[in-house]
Each structure stands twice: as C-alpha cells, then as structure tokens.
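These notes concern the structure reproduced below.
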Amino acid sequence: MKEKYLELGVSEKVFDFGAQIERELKERFAAIDETAEYNQLKVIAAMQKHRVSAECFMATNGYGYNDLGRDTLEEVYASCFLAEAALVRPQITCGTHALALALLSNLRPGDELLSPVGKPYDTLEEVIGIRPSKGSLAEYGITYRQVDLLPDGSFDYENIRKAVNERTRLVTIQRSKGYQTRPTLSVARIKELISFLKAIKPELLVMVDNCYGEFVERAEPVEAGADMMVGSLIKNPGGGLAPVGGYIVGKKECVENAAYRLTSPGLGKEVGASLGVIQSFYQGLFLAPTVTAGALKGAIFAANLYERLGFPVFPGGSESRHDIIQAVTLQTPERLIAFCKGIQAAAPVDSHVTPEPWDMPGYDSPVIMAAGAFVQGSSIELSADGPLRPPYAVYFQGGLTWYHAKLGILMSLQKLYEAGLVEL
Ligand SMILES: *Cc1c(COP(=O)(O)O)cnc(C)c1O
C-alpha cells in the first residue's frame, strides 16, 4: 500500500504520519458507517413508497407537462426528508439560486428577514442586499436584521427576542459554518432555536440553509420544525452524480410559492422539462448517504491530522459533526496556497493544473479554490477553498470516496512539508 502512495507523490514520512492518525479513528468511522446505513434505508424506503420505475428515467423536453420522473422525484424528496412537498429541479442553477428563490418567493414588500445566527454565507449578502445588488430583497423593500451568535457560539436569545417585530416574516438559519469559524449547528440545536422563535411568533416562517448538512445526521431540519429546507444538488444530496440542480423541501405553501417564482405565476410546478438529467438525480440521491459518509471521514481525518500539527481546526478533531466542512486555520497565505495545491494534485481530473487566487463573483476578497471534479464546482467532490484574508483558513470538503479524500489530505500535507511550511 505504501508503495502505491509513494508512486503518487506522498513521501514515507507523510504516509506514516497519516497512518498513525487513521488508526486512532476506527471507532468514529464505524459510527459514521452506521449513520450512512440508517440514511440509506431512509432513501430506499422513499423510493419504494413512490414506486420509482424505469419510466421515471425517461427524458422529457419542451414544456415538460406530466413529467413522471420529475414529479415522482419530488415526492421521493418530500418523503425522505419528512416534508409536505418538494421542488427539485435542474433549472435551479445552484445553492444560492435555491436560497434566493425560497426567500424572494416567500417574502413580500414591507416584510423583514431575520438571521439569528450571525452573518449568512457570502453569496447571500447580495441576495439580501447587505451588499447593494440588483434584484436583492432590499430593492423590493424587504428589510433585514441580524443577531450574532454569542462569543461562545450559543444563541443570543435575549437579542433574538428583541429583534422579532411585527414585520418579521421569515427567519433564515444557516446550518453550516460557511466561510466562518463558528460552530455548525446540529439539528438538535436548530430545533431549540425554532421552538424559541415560534413561541415568540407562531406565524414566523423558518428556512434552514441546509447546504453540506444532508445525511450527516439521522434527522434533518424539517424534523426540527423548519418550514423550508434548502440546498444544492452538487453538494451532498446529489451524491456526486447530479450535474446541476437545487432543492427546496418543506410546507406545501412555501414550496408552491417557490415554484411560481421559479417558472411563472399560473404555471408553478407543472412545467420544467428534465431533459434527461433526472436519472442522475435519483441515482445520486441513492448514493448520497454513503458519499456523505466518505466526505465526513475525510473531514475528521483532516481535523485530526492538522490538529496534531498544532493548527487550530474547526470543528476540533474529536467534536461531533453536523456538516462535511472542515476548516483549518493555516495562518499564512503561503500555507493556504500550498494546501490547495496538494488537493489539486490528488484529483482524478485536472491534477496537472495549479490553482491560483481569483476575484470570484459573489465574494468580497480573492478566493483560492482547488478541485479536480467531474462536475464543475461540485463541492461534494474533493475540494478546498478559502478567501485570502486572515486567518487564512482553508475550508476543505467532499470526496466521493474516503480513499480519495485521504489521498488529498496526505498530498496537502506533502505540499506543506516539501515547502518547509510544516515540520513532521
Ligand atoms: C455552498 C453554500 C451556499 C451557496 O451554494 P452555491 O451552490 O455555491 O451557490 C449557501 N450556503 C451555504 C452554507 C453553502 O455552503
């Protein structure tokens, strides 16, 4: 085995260090496999309940009326996530689009949006209008209020209570940390927060940004009382096979509102041809629990490896997991860049190219991204990225298989080691 790694460019020293870390993680990996097993059964049960059949995989075109595959898939998603309804479409271009759709369709001029968990994901700043942008909620007269988490990561209940007012209509809760070093929220903590909010104002709608969270736990945010749960199909639930797409699941009315905005008033869910991608949505969902498990193992391996080397890691090596993202604070731009080069060098696709920082649309500082993916930008595939700003944290995620994730992490360490940026 070692020889194979040496062939791929991992030195003996790095390999041995990794092997030692891996040996200590046996029990954690077994627990992850159990969650995957549970979630696999959940997905199969939903597919059986809705009688998924070969006819569901046929391509439709034009208006896409009576698209059996599309309509059945939406029922499968709703059942799997214990929701009333679902919108799962290739016409939803990415996670940001799905979130914007959920917000723009369920808020009206004069309403206020509240984030009780601090600043949302970078790209949502423009959706909301925190950074002025064409088509933002702000342009439509929808205001925004934010309550930050307390320094220890807990909810600031006192200020959340004060922030809810007669105009507060929708609350957005981001499960994952995104590009921040704050704790990711467990479904149990999300449930606590939703209960608190609904006790103050029962008619509030709660949306959970579920990006990177699907299938990490046995329960999902809808079970915690969320009215909508939103995510991207080129993250966990697409299982690496969906080439595009996003989803919104939740209350029937919320999902319908989103459908009328995605297509048109009067048309809603009735149109939208699936053009032959729908089989990959089914097959990806089928694989998603085990793919997510592989990615989680990679995240935990990276956390323990870099923690042992003295870098601050979020979450910590032994902490419980609620998403697949691992942040490692590398403290210098040189280390951040070397880490990403290692991830790139381990890829099955584009391993020969070198990632460079660039000004990516939607982000306010240059970002470096490493990914050699089958689907462009897919972050359920092994990828690493980070904004070039202090504390130079790299956000590492994905891996369609644990073995690829492991190789990527070893190569990241290899690049740091070769450049004299760490000592082993
Ligand atoms: C990825 C992500 C988004 C945005 O998704 P894109 O597909 O990149 O547009 C939003 N929120 C969170 C927490 C994410 O991780």
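Things worth noting here:
- Mean separation of Cα contacts under 8 Å (6+ apart) over length of the chain, as relative contact order %: 18 percent
- Derived from the Cα gyration tensor, the three semi-axes of the equivalent ellipsoid of segment 63-165 are 31, 18, 13 Å, largest first.
- Computed on segment 1-155, with alpha-carbon pairs under 8 angstrom and 6+ residues apart, the relative contact order is 14 percent.
- Residue separation of Glu27 and Asp152 scaled by 0.36 nm, minus their Cα-Cα distance, works out to 42.2 nm of gained length.
- Ranked by how many other beta carbons lie within 10 Å on average, peptides 322-335, 35-48, 398-411 from highest: 398-411, 322-335, 35-48
- Value of Rg to Rh for segment 110-192 (Rh from inverse mean 1/r over Cα pairs, i.e. Kirkwood): 0.97
- Reachable lysines, given that their alpha-carbon falls under 17 Å from the alpha-carbon of Lys198 and they are not under 8 places away in the same chain: Lys162, Lys251
- Compactness index (Cα Rg / 2.2 N^0.38 Å), segment 144-204: 1.11
- With Cα atoms, 0 to 90° folded angle of helix 68-80 axis to the chain main axis: 70 degrees
- Computed over the alpha-carbon pairs of segment 323-424, the distance histogram in 10 Å steps reads 17, 53, 28, 2 percent, short to long.
- Protection proxy ranking, highest mean first, for peptides 86-98, 270-282, 221-233: 221-233, 86-98, 270-282, where packing is the per-residue count of other beta-carbon atoms within 10 Å, averaged.
- Residue among Val277, Thr172, Gly95 farthest towards the positive dipole end of segment 41-285, charges placed on Cβ: Thr172
- Compared with the rule-of-thumb size 2.2 N^0.38 Å for a compact globular protein, segment 197-265 has a Cα radius of gyration ratio of 1.22.
- Rounded to 10°, Cα long-axis angle of helix 278-308 versus longest principal axis of the chain: 40 degrees
- Beta bridges per DSSP, both residues in segment 204-335: antiparallel share near 70 percent.
- Under 12 Å, Cβ to Cβ, from Gly238 - net charge with Lys/Arg +1 and Asp/Glu -1: -1
- Label reach from Glu84 (point 7 Å along Cα→C-beta): in segment 260-302, amide nitrogens under 18 Å belong to 260-261, 268-270.
- Plainly put, the chain has a radius of gyration that is 0.97 times its Kirkwood radius, both from alpha-carbon atoms, as the Rg/Rh ratio.
- Net charge dipole size for the chain [Lys, Arg +1 and Asp, Glu -1 on Cβ; Debye, nearest 20]: 340 debye
- Sequence-ordered 3J(HN,Hα) estimates for segment 85-100 from the Karplus curve with 6.51, -1.76 and 1.60 and θ = phi - 60° stand at 8, 8, 10, 10, 9, x, 6, 7, 6, 5, x, 4, 4, 4, 5, 4 Hz, glycine and proline given as x.
- Tensor-based shape of segment 239-343 (alpha-carbon gyration tensor, a/c under 1.5 rounded, otherwise prolate or oblate): prolate
- Charge context of Arg167, other residues only, Cβ under 13 angstrom, K/R +1, D/E -1: 0
- For segment 358-415, the square roots of the Cα gyration tensor eigenvalues, ordered a ≥ b ≥ c, give a/c of at least 1.5 with a/b no greater than b/c, which places it in the oblate category.
- DSSP bridge analysis restricted to the chain gives an antiparallel fraction near 60%, rounded to the nearest 5.
- Rounded to 10°, Cα long-axis angle of helix 26-49 versus longest principal axis of the chain: 30 degrees
- Reported to the nearest whole Å, the Cα centre-to-centre distance from segment 285-324 to segment 389-413 is 10.
- Gained length - Asn159 relative to Glu34, 0.36 nm times residue gap less alpha-carbon distance: 41.1 nm
- Just so you know, the Cα atoms of segment 41-285 work out to an Rg and Dmax of 17.6, 54 Å.
- Relative to one another, the C-alpha centroids of segment 112-150 and segment 159-230 are positioned 15 Å apart.
- Part-to-part distance (alpha-carbon centres) for segment 4-55 and segment 327-356, which is given in Å: 23 Å
- Close amide H pairs (under 5 Å, H built 1.01 Å from N) link Gly246 with Arg89, Ile92, Leu233, residues at least 5 positions away or on another chain.
- Within a straight-line Cα-Cα reach of under 22 Å, Lys134 can be paired with the following lysines, leaving aside sequence neighbours fewer than 8 residues apart in one chain: Lys119.
- Rounded to two decimals, the Cα-based Rg/Rh of segment 1-52, with Kirkwood Rh, is 1.32.
- Those residues of segment 56-98 whose amide nitrogen sits under 15 Å from the label point placed on Lys252, 7 Å along Cα→Cβ: 75, 78-79, 83-87
Readers should treat all values here as calculations from the given coordinates under stated rules, not as data from a laboratory. Every value quoted in this text rests on a predicted model; they were computed, and no experiment measured them. Neighbour counts run over all protein chains shown; Cβ positions are idealised from the backbone, glycine included.
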